[in-house]
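Below is one structure, written out as structure tokens, with a few remarks after it.
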Amino acid sequence: MSAEKPESIDLRAAEIPRPEGLVMPQAPPVEKSLLSMMTIDPTNIISRCISDGMTGDYFYVPAHRLLWDVFRQRYDKGLSVDVTSVAQQLDDQRTLEAVGGHAGLMEVFSYATTTALYEQHFEILKEKYIRRSIILTANKATDAAYRQEGEIEDLLDQTEQDVLHIRQSATKGAEWSLKEDIRRAVDNLERMMISDGDILGLRTGFERLDRMINGLKGGELFVIAARPSMGKTSYLLNIIEHIVLDEKKPALCFSCEMPSVQLVERLLYARSGVSKQQLQINKGHIPQKDMKCLRDAIKELQVSKLIIDDTAAISISELRAKARRVQRENPELAVIGIDYLQLMRSHTKQAQNSREREIAEISGGLKSLAKELNVPIVVLAQLNRGPENRTGRNKGTPQMSDLRESGAIEQDADMIGLLYRKRYYAETEEEREEMGDDAMLILAKNRNGPTGDVPLSFRAELMRFTTRVVADNEEDEG
């Protein structure tokens, strides 16, 4: 028997009717009680309000909001909060009548309350503020949706940011933030003092690079740039592979250029040590040793916590939304990789008129996302033709100025690595043989540490970079 077709839903008919006389969530007596507590014990109560994150928006009654501003100003300046001084300040500002005149002011100062009720009353006020914020955010999103202006992705992203802002403001007070940051900074200092040279951040699998940057750390944006065919995708995958399979941590990888299946194949080649060419040549006669290595790599990857998104030309707003969702589902998310920056898009009106502005919005958006999620972001970027245009010994050697639309990227990135292989620019077979598998990552920018060269070797058939040990004289030349 065929299933009945479900009825379509009329969204207009599905609207929830609002009861008549519905008003914004508010608690004027509680507002008055808290203000009265501030007059009883200004030093203690006002400081607690500030440290708990209170702002003028916590007060629904305009007169109460005005009084909070005056109390806060006087507290900041070390002035007394007495009825006479406050009345004089309000009169000088021509706002005394806005609080109900002398009678309205006396009503607050004489309101019967006790400071023992602070926590209970503060929580009530906070709850009303959050409810109002949710209503205002929903109304703003509803209005924007009805007007049908701009891109839908931007509307979704803005709405999500507004909701996250409500949660953040509801759970984090200013003093808590400072104390927590100080605690974390002290923890980092103690770890550095007793680490005996250990890497404090997330290891990339490249020892020399890890020592220079002290590992990948939350909030950092690491840009790895190269010309086409230099192996930058392989380098990013090598880092992701190490974090996911060796460090056993979750990772999110956005591939704007390759389908996800190709990235998985590359990971399997690099991890197993069995190349695509070997599989094609041997076909049904693959040695048992190679088959075991391949099976082991498959098993490792199957149980790993790697998430790949291969949305082409993904917008910065869509990427942010997906990254937030992944972190909610995987709170231990260790790193985000992106291949690559210039293939991303921004749909704001300003970005449509200027490619440089678009790249700036994407670059700034990635840095903001790294800070918001407290996760390192490793993003690949394309270089212009500058390396090819250089001559002599410097031919092929990249510089930060070779970054396409480089201004914003240079400013936003915490670290910039320039990847290249001299072999690619060799003019004779003899030069190619001499250069072999040599590659180099130039750490051109490192906001919190040294810059310099990271010598590498590249096995193209396995898409695998490894650290290259160099002689002292070669290092001096570099």
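The values are calculated or read from the model by the stated rules, or taken from the named source; none is laboratory data. Not measured: the values here are computed from a predicted model. We place every Cβ from the backbone using ideal geometry, glycine too, and count neighbours over all the protein chains shown. Keep in mind that these areas ignore ligands, DNA and RNA; they rest on the heavy atoms of the full protein, side chains included. Shrake-Rupley method; radii C 1.70, N 1.55, O 1.52, S 1.80 Å.
Would you confirm whether any residue within segment 129-151 is open to solvent by 70 Å² or more (accessible area, probe 1.4 Å), over 30 Å from residue 315 (Cβ atoms) and not hydrophobic (A, V, I, L, M, F, W, C)?
There is at least one residue in segment 129-151 that is open to solvent by 70 Å² or more (accessible area, probe 1.4 Å), over 30 Å from residue 315 (Cβ atoms) and not hydrophobic (A, V, I, L, M, F, W, C).
Given the options 426, 413, 381, name the one that is of a type in the set (A, V, I, L, M), without any contact (Cβ under 8 Å) to a residue 12 or more places away in the chain and open to solvent by less than 60 Å² (accessible area, probe 1.4 Å).
Going through 426, 413, 381 in turn, the sole match is 426.
Taking the condition of being over 17 Å from residue 44 (Cβ atoms), surrounded by fewer than 14 Cβ atoms within 10 Å (Cβ to Cβ) and more than 44 Å from the chain's Cα centre (by Cα), how many residues in segment 76-90 meet it?
So the count comes out to 3.
What about residue 328, is it free of Cβ contacts under 8 Å to residues at least 40 places away in the same chain and under 30 Å from residue 245 (Cα atoms)? Write out each step before concluding.
Working: free of Cβ contacts under 8 Å to residues at least 40 places away in the same chain: yes; under 30 Å from residue 245 (Cα atoms): yes.
Here the answer is yes, as residue 328 does meet what is asked.
Can you tell me which residue within segment 208-240, out of those that are open to solvent by 40 Å² or more (accessible area, probe 1.4 Å) and within 22 Å of residue 266 (Cα to Cα), is modelled with the lowest pLDDT?
229
Can you tell me which residue among 354, 317 is within 14 Å of the chain's Cα centre (by Cα) and farther than 23 Å from residue 245 by Cβ?
Of 354, 317, the one residue that is within 14 Å of the chain's Cα centre (by Cα) and farther than 23 Å from residue 245 by Cβ is 317.
Of all residues in segment 241-267, which are out of contact with any strand residue (DSSP E or B) (no Cβ under 9 Å at 6 or more places or on another chain) and either at pLDDT 90 or above or open to solvent by less than 50 Å² (accessible area, probe 1.4 Å) (or both)?
Answer for segment 241-267, where residues must be out of contact with any strand residue (DSSP E or B) (no Cβ under 9 Å at 6 or more places or on another chain) and either at pLDDT 90 or above or open to solvent by less than 50 Å² (accessible area, probe 1.4 Å) (or both): 242, 246, 248.
List every residue pair whose Cβ atoms lie under 8 Å apart, where the two residues are 6 or more positions apart in sequence or sit on different chains, the first residue falls within segment 54-67 and is part of a helix (DSSP H, G or I), and the second residue, located anywhere, is of a type in the set (Gly, Ala, Ser) and open to solvent by 40 Å² or more (accessible area, probe 1.4 Å).
What qualifies is 62/98; 63/98; 63/100; 66/98.
Going through segment 288-340 one residue at a time, which ones are open to solvent by 10 Å² or more (accessible area, probe 1.4 Å), β-branched (Val, Ile, Thr) and farther than 21 Å from residue 153 by Cβ?
298, 303 - these are the residues of segment 288-340 that are open to solvent by 10 Å² or more (accessible area, probe 1.4 Å), β-branched (Val, Ile, Thr) and farther than 21 Å from residue 153 by Cβ.
Under 9 Å by Cβ, and 6 or more places apart or on different chains, what pairs join a residue from segment 107-128 that is farther than 15 Å from residue 29 by Cβ and touching a residue at least 24 places away in the same chain (Cβ under 8 Å) with one that is open to solvent by 60 Å² or more (accessible area, probe 1.4 Å) and of a type in the set (Phe, Trp, Tyr)?
Pairs found: none.
With the condition kept exactly as written, say whether any residue in segment 450-459 is under 25 Å from residue 271 (Cα atoms) and either at pLDDT below 75 or part of a loop (DSSP other than H, G, I, E, B) (or both).
No, because not a single residue in segment 450-459 is under 25 Å from residue 271 (Cα atoms) and either at pLDDT below 75 or part of a loop (DSSP other than H, G, I, E, B) (or both).
List the pairs whose first member sits in segment 215-230 and is without any contact (Cβ under 8 Å) to a residue 24 or more places away in the chain, whose second member is surrounded by 17 or more Cβ atoms within 10 Å (Cβ to Cβ) and outside any loop (DSSP other than H, G, I, E, B), and whose Cβ atoms are under 8 Å apart, counting only residues at least 6 apart or on separate chains?
Here the result reads 215/202, each pair linking segment 215-230 to a residue that is surrounded by 17 or more Cβ atoms within 10 Å (Cβ to Cβ) and outside any loop (DSSP other than H, G, I, E, B).
Which residue is least open to solvent (accessible area, probe 1.4 Å), if the candidates are limited to segment 186-207 and must be among the β-branched types (Val, Ile, Thr) and modelled with pLDDT under 90?
199
What pairs come up if the first residue lies in segment 333-360 and is under 10 Å from residue 315 (Cα atoms) and at pLDDT below 85, the second is open to solvent by 50 Å² or more (accessible area, probe 1.4 Å) and among the β-branched types (Val, Ile, Thr), and their beta carbons are under 9 Å apart, counting only those six or more places apart or on different chains?
Short answer, once both residue conditions are applied: none.
Please work out which one of (1) at pLDDT below 90; (2) assigned to a helix (DSSP H, G or I); (3) over 30 Å from residue 163 (Cβ atoms) is the condition residue 72 fails and give its number.
(3)
Given (1) open to solvent by less than 40 Å² (accessible area, probe 1.4 Å); (2) out of contact with any Phe, Trp or Tyr (no Cβ under 6 Å at 6 or more places or on another chain), identify the lone condition not met by residue 73.
Evaluating residue 73 over (1) open to solvent by less than 40 Å² (accessible area, probe 1.4 Å); (2) out of contact with any Phe, Trp or Tyr (no Cβ under 6 Å at 6 or more places or on another chain) leaves (1) as the failure.
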